[in-house]
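Remarks on the structure that follows.
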Amino acid sequence: MPYSAKIGEKGFTVVELLVTLAIALIVLTALTSTFLSQRKTFNLQGQITEMVQTSRNVMDMISREVMLAGYNPTSATIVGIPYASSQLEIRADLSGDGDTGDTNENIIYTYNDTDLKIIRTEGTGTVTALPLAENIEAFAFQYYDADGNNTTTAADIRQIEISVTTRTAAADPNYSTNSGYRTSTLTSYITPPNLEL
């Protein structure tokens, strides 16, 4: 039996439909705006977390290896940390054979400011340099003697100040400082126990 409208039944008018549609669009726009804002915040927090974790990992690894500088079970003379302004070199006789040229016994950290990377090299002779970390804005170190004064003499080095500045992988268009890149700097003072006091 076909449907027939009863007397007094009313449908929606065009005006009511337009008002309902306008309200729905306002709610949808608000929800979309909230979603995009939350997504942007989530991405930014992820980049900041990655940046801070990178600086901590780099500092932890370098610190552990600097603590080995000068280790020598054979009592042979080893310059644990040779002075260099462009690289951080660590020497130790981990194998106990009196030679610091073995793999893992001579470690060099250099900073590539073009690619924003810290490069780690092991051993001597033909070696492969591998990137330790990326998105590094600065890598600096200072050498100190037993009295806490700056020194350029390898035999006098007793402590190192290492500073690593990392940055986010992508620029934030709403952050005007540093071309939109957020940064984190971590500084550590390391006193290798195997250097003569």
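The values are calculated or read from the model by the stated rules, or taken from the named source; none is laboratory data. Please read these numbers as outputs of a predicted model, since none were measured by experiment. Please note: Cβ atoms are built from the backbone with ideal geometry, for glycine as well, and neighbour counts cover all protein chains shown.
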In the range 165-179, is there at least one residue being in a strand (DSSP E or B), aromatic (Phe, Trp, Tyr) and within 20 Å of the chain's Cα centre (by Cα)?
-> no
Residue in the range 49-61 that is at pLDDT 90 or above, of a type in the set (Ser, Thr, Tyr), surrounded by 14 or more Cβ atoms within 10 Å (Cβ to Cβ) and not in a helix (DSSP H, G or I) present = no
Does the range 14-37 include one or more residues that are at pLDDT below 90 and not in a helix (DSSP H, G or I)?
-> no
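For every residue, the table says whether it meets (1) modelled with pLDDT under 95; (2) small (Gly, Ala, Ser); (3) surrounded by fewer than 19 Cβ atoms within 10 Å (Cβ to Cβ); (4) on the phi > 0 side of the Ramachandran plot.
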{"residue": "91", "(1), (2), (3), (4)": "yes, no, no, no"}
{"residue": "106", "(1), (2), (3), (4)": "yes, no, no, no"}
{"residue": "129", "(1), (2), (3), (4)": "yes, yes, yes, no"}
{"residue": "132", "(1), (2), (3), (4)": "yes, no, no, no"}
{"residue": "147", "(1), (2), (3), (4)": "yes, no, yes, no"}
Answer yes or no: is there a residue in the range 121-138 that is within 25 Å of the chain's Cα centre (by Cα), closer than 18 Å to residue 79 by Cβ and of a type in the set (Asp, Glu).
-> yes
Answer residue from the range 184-197, given it is surrounded by fewer than 17 Cβ atoms within 10 Å (Cβ to Cβ) and under 19 Å from the mean Cα position of the chain (by Cα) and is farthest from residue 60 (Cα to Cα) among those = 185
Are there any pairs, at least 6 apart or on different chains, whose C-beta atoms fall under 6 Å, with the first in the range 171-183 and touching a residue at least 40 places away in the same chain (Cβ under 8 Å) and the second basic (Lys, Arg), and if so, which?
-> 181/167; 183/167
Within the range 135-170, the count of residues that are in contact with a Leu (Cβ under 8 Å, 6 or more places away or on another chain), without any contact (Cβ under 8 Å) to a residue 40 or more places away in the chain and closer than 23 Å to residue 115 by Cα comes to 1
